[in-house]
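K.L.:
I'd like to ask some things about the structure below.
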Ligand code: URA
């Protein structure tokens, strides 16, 4: 399958403004962020992250020192998109371009992600996009487990606020971390999992950066997107009926 696969198929619904400007609604049940001190930071002396609204959450991330990555970042990379999205895309960590611009998936991989979303009828600003880490690991190294643990309360609160019908976990690191498994990505694809912290359904697919290197796998990613679309359509039918 070639790049031409990623073409719009459906008309795009209306889009919604920057979530940081949006007020928070009543949160669904979710586990609390750890009360215990994190890897290299301390306890949440400014109050529990799982109670913050969008504005306070974004501010907390922007000033975060919970792990050592704050020393080398240019910008924190909070997340972007529709605060009421059905789809939430979760990647690994900001790269160089994301660190420079303060927005997730804005480099080459981000452009492919946008095209992939368009192929299932979604504009970038209709979904919510976030990473497990809000700061770039130097040299694009893999995130350390302690860094992901330190950042998890932020992601959990984002998931809680968006309350998406589906999380699309892109890439091995996001999939392994969210699903607490080390199973191969190939074996995780094609099924609906659940993110235990929030009970949100999870579909796993390839990271767009991997697809740039291995375009022959795009057909499988297309199958994953169709599974995700089917799941979201099914869950919205459930709500409507
Ligand atoms: N890769 C990711 O996982 N996230 C980004 O934001 C950019 C590249």
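The values are calculated or read from the model by the stated rules, or taken from the named source; none is laboratory data. Just so it is clear, the structure is predicted and the values come from calculations on it, not from any experiment. Note that each Cβ is placed from the backbone with ideal geometry, even for glycine, and that neighbours are counted across all protein chains shown.
K.L.:
Quick one: which strands (runs of 3 or more DSSP E) sit completely within region 99-212 and have at least 2 residues that are touching a helix residue (DSSP H, G or I) at 6+ places or on another chain (Cβ under 6 Å) and in contact (Cβ under 8 Å) with a residue 60 or more places away in the chain? Reasoning before the result, please.
P.N.:
Values: elements: 128-131, 166-170, 193-195, 200-205.
So the answer is 166-170.
K.L.:
Answer yes or no as to whether residue 86 is in contact with a strand residue (DSSP E or B) (Cβ under 9 Å, 6 or more places away or on another chain) and either more than 22 Å from residue 139 (Cβ to Cβ) or at pLDDT below 95 (or both). Break it down stepwise before answering.
P.N.:
Numbers: in contact with a strand residue (DSSP E or B) (Cβ under 9 Å, 6 or more places away or on another chain): yes; either more than 22 Å from residue 139 (Cβ to Cβ) or at pLDDT below 95 (or both): yes.
Yes: the conditions hold for residue 86.
This table checks each residue for (1) in contact with a strand residue (DSSP E or B) (Cβ under 8 Å, 6 or more places away or on another chain); (2) closer than 15 Å to residue 89 by Cβ.
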site: 151; (1), (2): no, no
site: 162; (1), (2): yes, yes
site: 166; (1), (2): yes, yes
site: 170; (1), (2): yes, yes
site: 179; (1), (2): yes, no
site: 182; (1), (2): no, no
site: 185; (1), (2): yes, no
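K.L.:
Is it the case that residue 227 is touching a residue at least 40 places away in the same chain (Cβ under 8 Å) and either surrounded by 15 or more Cβ atoms within 10 Å (Cβ to Cβ) or part of a helix (DSSP H, G or I) (or both)?
P.N.:
Details: touching a residue at least 40 places away in the same chain (Cβ under 8 Å): no; either surrounded by 15 or more Cβ atoms within 10 Å (Cβ to Cβ) or part of a helix (DSSP H, G or I) (or both): yes.
No; evaluated as a whole, the condition is false for this residue.
K.L.:
Name the residue, out of 171, 95, 121, 91, that is within 12 Å of the ligand (Cβ to nearest atom) and more than 18 Å from residue 220 (Cβ to Cβ).
P.N.:
On the way: 171 fails: more than 18 Å from residue 220 (Cβ to Cβ); 121 fails: within 12 Å of the ligand (Cβ to nearest atom); 91 fails: more than 18 Å from residue 220 (Cβ to Cβ).
It is 95.
K.L.:
Which condition from (1) modelled with pLDDT of 95 or more; (2) away from the ligand (no atom under 16 Å from the Cβ) is the one that residue 141 breaks?
P.N.:
(2)
K.L.:
Oh, and also: Filter region 87-110 for residues that are closer than 27 Å to residue 227 by Cβ and more than 15 Å from the chain's Cα centre (by Cα); which is surrounded by the most Cβ atoms within 10 Å (Cβ to Cβ)?
P.N.:
So the residue we want is 107.
K.L.:
Among the residues of region 185-211, what is the count of those that are within 16 Å of the ligand (Cβ to nearest atom) and over 19 Å from the mean Cα position of the chain (by Cα)?
P.N.:
Summing the residues that are within 16 Å of the ligand (Cβ to nearest atom) and over 19 Å from the mean Cα position of the chain (by Cα) in region 185-211 gives 0.
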